[in-house]
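Reviewing the structure listed below.
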Amino acid sequence: MSGFNFYVENVYDGRQFKENIGTVQKSGFNRKVLANFEKPLVEEFFDYLSVICPKQENKPIISIRINDLYVSELTRAMSETAYATLVIDINRI
């Protein structure tokens with residue numbers, strides 16, 4: 001049973017720059033490369049949200065517009081830390 005009292009019907013990509021989602025360290029080469037998801041951003045988010053917020057007829061419906069998403073990774077000796085910035089609008093339908 002989901003702990004959320006809504007489900008997501010639509011996810012929209014409202015980002016101005018859609019080429020990538022940030023930079024990460026390339027494994028084994030220790031250099032920064034552009035990062036992206038395997039599938040389009042909207043599809044990745046919708047797939048994830050449909051699992052954690054499954055559709056149920058008795059719950060309110062929302063749509064999400066992603067305005068900005070940026071991921072970065074910092075690698076130090078024996079540690080890696082990733083950061084993500086996400087800016088969204090949520091509309092209740």
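A few remarks follow.
- The number of Lys pairs in the chain with C-alpha atoms less than 24 Å apart, excluding pairs fewer than 8 positions apart on the same chain, is 5.
- Value of relative contact order over the chain, rounded to a whole percent, pairs C-alpha under 8 Å and six or more apart: 36
- Annotation for the chain: GluC sites (Glu not before Pro) lying in DSSP loop with at most 16 further Cβ atoms inside 10 Å of their Cβ are Glu19, Glu38, Glu57.
- What a 1.4 Å probe finds exposed on the chain is 54% carbon and sulfur by accessible area, rounded to a whole percent.
- Trypsin sites (Lys or Arg not before Pro), loop per DSSP, at most 15 other Cβ atoms within 10 Å - longest free stretch of the chain: 56-93
- Cα gyration tensor, the stretch 13-55 - rounded (a/c under 1.5), prolate or oblate: oblate
The values are calculated or read from the model by the stated rules, or taken from the named source; none is laboratory data. What you are looking at is a predicted structure, and each value in this text was computed from that prediction instead of being measured. No Cβ is skipped: glycine too gets one built from the backbone with ideal geometry, and neighbour counts run over all protein chains shown. The accessibility values were calculated without ligands, DNA or RNA, using every heavy atom of the protein model including side chains. Shrake-Rupley method; radii C 1.70, N 1.55, O 1.52, S 1.80 Å.
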